[in-house]
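The next block holds one structure in the form of structure tokens; read it before the comments.
Every number here is computed from the coordinates shown, using simple stated rules; none is lab data. Bear in mind the structure is a predicted one, so any value in this text is a computation, not a measurement. No Cβ is skipped: glycine too gets one built from the backbone with ideal geometry, and neighbour counts run over all protein chains shown.
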Amino acid sequence: MGIQVSQASRVFAQVIEGHQRNLANYRAYINRFGYKTVLAAFLYLEQQRSSSHSRIQSPGKYYNAMVKAWGALGTYDQACQVYTQAYAEGKTLRMPGIPWDIQRLVAQFERWPLEMMIKELRQHPDILQAMPLPSVEKKANEEHLGERKEASWEQGQEREPQTPPQWMGYEESTTLLAQVRSQAAEIEANVGRTCFNIAPTPRAYNVRGTHMEAYVIDVTIEGIPVAFASVNQWKLYYLEQTDLNAYKVFRKLMEEGAEYL
């Protein structure tokens, strides 16, 4: 992604505390825990500050606590998995790990320049609105849908993917597959019907004209086969279904070939 640590540190420090006297701490957070974990903590802080029910007396200390708590769980993906596991175990209060709505925001903004992201959040604060946890009944329905999707996948439904700027390796594709399953279930729960069939594993794909092997995620949407060859391809589809304002911005960035996408 080419994050400039010094620049990102200055932006985080200024927005969170209103000064840069603790700049070294913000630089250390990025170097130690990774940009996505640091961004998640920032977005969580902004979400809490935008809530009328929240009274945060010291944003710097609050942010520091969140970064360290999530960083202690391992990588960003591991911290996300801790939250998913806690929910699967039936926990609903004070759940460890990075919440799903913050994961969604990180996926949406991780490749945006920070100044542009902050401007977007100021202009559209509803983007930060927390998503309620699904009810027990909805969760059970989502689990049922997930089981049915994998059981009903048939070989031969695969399609040629659209060529992305950068192909996915296996590890990135497995992370995307988990994201697709979760967000597809969210869409289905919102519309009240089954829309997706999702292949159980990423598909190895030989990139034409090269000796390169990449991986894609095969999905049928309302019976139409689609192959997602990058995180951004799925993200564009997901935003189109859930957040049209963010979709329009992100689509424009993709069409312009922004270097951070």
Karplus-derived 3J(HN,Hα), 6.51/-1.76/1.60, for each residue of the range 188-197, Hz, glycine and proline x: 5, 5, 6, 8, x, 8, 7, 10, 10, 10
Long pairs among 68/119; 68/235; 36/235, criterion Cα-Cα beyond 22 Å: 68/119; 68/235
The range 46-111 and the range 202-261: distance between their alpha carbon centers, rounded to Å: 26
Loop trypsin sites (Lys or Arg not before Pro), the range 29-74 (other Cβ atoms within 10 Å of the site Cβ: 15 or fewer; DSSP): 55
